[in-house]
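These notes are about the structure you will find just below.
The values are calculated or read from the model by the stated rules, or taken from the named source; none is laboratory data. Owing to the predicted nature of the structure, the values given are computational and were not obtained by experimental measurement. Because the Cβ atoms are built from the backbone with ideal geometry, glycine has one as well, and the counts that use them run over all protein chains shown.
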Amino acid sequence: MAHTYRNNIQEVWPPTESTNINGQNPSAIEQPCKYILSKNKLGDGTFSGVFECKNKLTGQHYAAKMYKKNLVYGLESMLQNEFLVLKRISRSHDNILKLIDHFETASELYLVTEIAYGGELFDRITKSGHLEEMQASVIMQSLMSAVSYLHANNIVHNDLKAENILFRSRKSDNMNILVADFGLARILRPDEKLKGVRGTLSYIAPEVLNGSGYDFGVDIWSAGVIVYFMLCGYMPFDCETDDETRCAILSGDYMYEPPEYWLHVSAEAKDFIDCCLKTDPNERITSESALNHPFLNPQPRSLNPVVRVSSSSDIHENLKAAVMQLHLPIQATNRGNFSAQTSTDISHTISTVSSKLSLLGSSRSNMLLDSTLDGACCDSPDIVSRFTTPVISNVVSRLHSPTNILEYIDSPLGDVHSPKFHI
C-alpha cells in the first residue's frame with residue numbers, strides 16, 4: 001500500500017534535483033522552461049504574484065504562482081508545509097485545486113496550478129448580496145465532499161472561508177467549486193490537537209480562541225459560517241470590535257436576524273448551520289455526517305429559493321466593505337488579545353496569497369494549441385531548475401533550525417512528525 005502511494009506521489013511530484021533557496025547548488029538540473037508567462041496578473045501579495053501562463057507544448061493555460069526568493073528567505077518551513085499537503089492530495093479530488101507543476105530559477109520559485117475561471121465565492125456573494133438556498137446547498141455538497149476527503153486523510157484545512165472557495169466557471173449558474181489555499185493546513189496524528197491562533201477571526205472556531213486545542217472540527221465550524229454568509233450576505237458573528245466578535249464566537253451567540261432575511265430559508269438550512277456552529281467541538285457534526293444531512297440531500301421543493309428583493313448597488317457596496325472589514329487576519333499576543341493585521345501575520349499572508357491562484361482566466365476555448373495569452377507575454381524564464389520542495393537557506397533561518405529537507409521529503413509519506421522537521 002505504501003509502495004503504491006509513493007508511486008502515485010511521484011507521478012504528481014517527481015523526485016528531482018533541488019537547489020537551495022538562493023540558487024547556488026551547482027548540481028541542479030537545468031532545462032528549458034516549458035511555460036510562457038502572461039502580463040495578465042491574476043493576484044498579488046507580499047511574497048508572491050500569480051500570473052496566467054501557457055504550456056508551450058500543449059497550449060493549455062494555468063496559473064503560475066511566483067515567489068521571489070529574497071522575499072521568502074527564512075520562511076521555508078511555511079512553504080514546505082503547504083507543498084507537503086499539496087503533494088499528498090493534489091489530483092486526488094475533483095473539488096480540490098490541482099497542483100500541475102513546479103520549478104525554480106535563480107531568483108524565483110514557481111508553482112503551477114489549474115485555473116479557476118469563475119473567481120471567489122466571496123465576490124459572488126457580495127456582488128449579488130446573497131445566494132439562493134439551492135445554490136448554497138450545491139456548493140456545500142461539494143465543499144463537504146472535499147473536506148471529508150481531507151479529514152479521511154488526516155488533513156485539517158484550517159483556513160476555510162469564502163475567499164478560498166473558487167469557481168471553475170464564470171457562468172453564474174455553474175456551482176462547480178475548488179477548495180484552494182493550503183498554507184495553514186496540517187497533517188495530524190491520531191488524537192493530535194493543534195495550538196495557536198491563525199486565520200480570519202470571523203471564521204475561527206471557539207476552541208481555537210480559548211486555547212483548548214483543536215483539530216478537524218474547525219473546518220466544520222468554518223463551513224457553518226460560510227453557509228450563513230451565503231444565505232444572508234453577512235457574517236453570523238458580526239460585531240463592532242474584535243473583542244466583541246471573539247466573545248460572540250466563544251459563546252456561540254448568533255441569530256437569524258433581521259427576520260425578513262431568513263423568512264424564506266428552510267428549517268433544514270438553519271439546522272445545518274446550527275449543527276456546524278456548536279461551541280463544543282465534540283457535539284459538532286462531522287464532515288462525513290454532514291454529507292447525509294437533509295440540507296445537502298434536499299427532497300424536491302424542500303429547499304426554498306430566496307425571494308428577498310435584492311438591495312441597491314450602493315447597499316451592496318457598503319455590505320461588501322463591511323464584510324471586508326471582518327476578513328482581516330488576526331494574531332494572538334502574549335496577553336491573549338487580538339488585533340487586526342494586514343502585513344505582519346506572515347502565516348496568513350502566505351495563506352491568502354495561495355487563495356489568489358486563479359481569477360479572471362481566459363475562456364475554455366483558449367485552452368488549445370494555438371491559443372494566446374491575455375495581456376501578451378512578460379519576462380518568462382528561459383532556463384529553470386526542477387525542485388522537490390524549497391530547501392533552507394545557507395545560513396540559519398530566522399524562523400527555524402536547519403533541516404535536511406531532502407532526507408525529510410524522501411522519508412515514507414513525507415512524515416511531518418519526523419523529529420527532523422518542525423513547523
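Among the candidates 178, 143, 160, 150, single out the residue that is aliphatic (A, V, I, L, M), in a strand (DSSP E or B) and modelled with pLDDT of 90 or more.
On the way: 143 fails: in a strand (DSSP E or B); 160 fails: in a strand (DSSP E or B); 150 fails: in a strand (DSSP E or B).
178 is the lone residue from the list that is aliphatic (A, V, I, L, M), in a strand (DSSP E or B) and modelled with pLDDT of 90 or more.
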Residues of the range 188-200 being modelled with pLDDT of 95 or more and under 17 Å from the mean Cα position of the chain (by Cα), which ones? none
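Of the residues that sit in the range 226-260 and are aliphatic (A, V, I, L, M) and without any contact (Cβ under 8 Å) to a residue 60 or more places away in the chain, which one is surrounded by the fewest Cβ atoms within 10 Å (Cβ to Cβ)? Don't jump to the end; show me each part of the working.
The initial filter retains those residues of the range 226-260 that are aliphatic (A, V, I, L, M), namely 226-227, 230-231, 235, 248-250, 255.
Right, trim to without any contact (Cβ under 8 Å) to a residue 60 or more places away in the chain and you get 248-250, 255.
On the way: 248: 18, 249: 26, 250: 15, 255: 8.
Looking at the filtered set, the residue picked out is 255.
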Sort out which residues of the range 50-71 are in a loop (DSSP other than H, G, I, E, B) and within 21 Å of residue 180 (Cβ to Cβ), and write them in order of number. 60
Scan the range 246-269 and give yes if some residue there is in a helix (DSSP H, G or I), of a type in the set (Gly, Ala, Ser), closer than 17 Å to residue 131 by Cα and more than 18 Å from the chain's Cα centre (by Cα), otherwise no. yes
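Among the residues of the range 225-240, write down those that are over 25 Å from residue 288 (Cβ atoms) and in a helix (DSSP H, G or I). Quick ask: steps written out before the conclusion?
Initial filter on the range 225-240 (over 25 Å from residue 288 (Cβ atoms)): 232-235, 237-240.
Result: 232, single match.
Among the residues that make up the range 213-227, is at least one of them over 19 Å from residue 151 (Cβ atoms) and out of contact with any Ser or Thr (no Cβ under 8 Å at 6 or more places or on another chain)? Spell out the reasoning first.
Keep residues of the range 213-227 that are over 19 Å from residue 151 (Cβ atoms), which gives none.
Looking for residues that are over 19 Å from residue 151 (Cβ atoms) and out of contact with any Ser or Thr (no Cβ under 8 Å at 6 or more places or on another chain), one finds none in the range 213-227, hence no.
Yes/no matrix, rows are residues, columns are (1) outside any strand (DSSP E or B); (2) surrounded by fewer than 21 Cβ atoms within 10 Å (Cβ to Cβ); (3) of a type in the set (Ser, Thr, Tyr):
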| position | (1), (2), (3) |
| --- | --- |
| 77 | yes, yes, yes |
| 80 | yes, no, no |
| 83 | yes, no, no |
| 86 | yes, no, no |
| 94 | yes, yes, no |
| 102 | no, no, no |
| 115 | yes, no, no |
Evaluation of residue 184 against (1) at pLDDT below 95; (2) hydrophobic (A, V, I, L, M, F, W, C); (3) in contact with a strand residue (DSSP E or B) (Cβ under 7 Å, 6 or more places away or on another chain) (one fails), failing number: (3)
Any residue that is out of contact with any Pro (no Cβ under 9 Å at 6 or more places or on another chain), among the hydrophobic types (A, V, I, L, M, F, W, C) and modelled with pLDDT of 90 or more - is there at least one of those in the range 67-74? no
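From the list 198, 189, pick out the single residue that is surrounded by fewer than 18 Cβ atoms within 10 Å (Cβ to Cβ), of a type in the set (D, E, K, R) and over 12 Å from residue 161 (Cβ atoms). Full working, then the answer.
Working: 198 fails: surrounded by fewer than 18 Cβ atoms within 10 Å (Cβ to Cβ).
Exactly one residue qualifies, and that residue is 189.
Take residue 243 and tell me if it is part of a helix (DSSP H, G or I), modelled with pLDDT of 60 or more and not small (Gly, Ala, Ser).
Working: part of a helix (DSSP H, G or I): yes; modelled with pLDDT of 60 or more: yes; not small (Gly, Ala, Ser): yes.
Answer is yes for this residue.
Considering the range 164-182 alone, what residues qualify as being among the acidic types (Asp, Glu) and surrounded by 21 or more Cβ atoms within 10 Å (Cβ to Cβ)?
From the range 164-182, those among the acidic types (Asp, Glu) are 173, 181; that's our starting set.
Result: 181, single match.
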